[in-house]
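Okay, structure first, notes after.
The values are calculated or read from the model by the stated rules, or taken from the named source; none is laboratory data. Given the structure is predicted, the values throughout are model-derived calculations rather than measurements. Quick reminder, even Gly has a Cβ in these numbers, built from the backbone with ideal geometry, and neighbours come from all protein chains shown. All accessible areas refer to the heavy atoms of the entire protein, side chains included, with ligands and DNA or RNA removed. Shrake-Rupley method; radii C 1.70, N 1.55, O 1.52, S 1.80 Å.
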Amino acid sequence: MVKRTFISVISQEENKGSVEFQVFSFTKKLKKVTSHLKLHKKDYLSQRGLQKTLGKRQRLLTYLSNKNKVRYKELIDQLDIRELKTS
């Protein structure tokens, strides 16, 4: 129930350029493409698009984790995203 309220707050947010909104929209897009690829395993163009979108989301999450750890932790908890690997 907490996830839905958080997601509705993000989707109604007026600042569509915020990192949280962008990560949310990329996550939504990734889920859609992943479900498409379950049906169409040989759709290589969609696979490439998935990889590019994953890279964009990863870069945004890295940026957010460097700028504000608290907002980063809240976002990955709410969207059920794994934490970034630290090297």
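Here are some notes:
- Per-atom-type breakdown for the range 34-75 gives carbon and sulfur 54% of the accessible area (1.4 Å probe, protein chains only).
- Of the chymotrypsin sites (Phe, Trp or Tyr not before Pro) in the range 17-87, not one is in a loop by DSSP (not H, G, I, E or B) with at most 12 other beta carbons within 10 Å.
- P(r) histogram, all alpha-carbon pairs of the range 34-87 included - 10 Å bins from 0, percent: 22, 41, 27, 10
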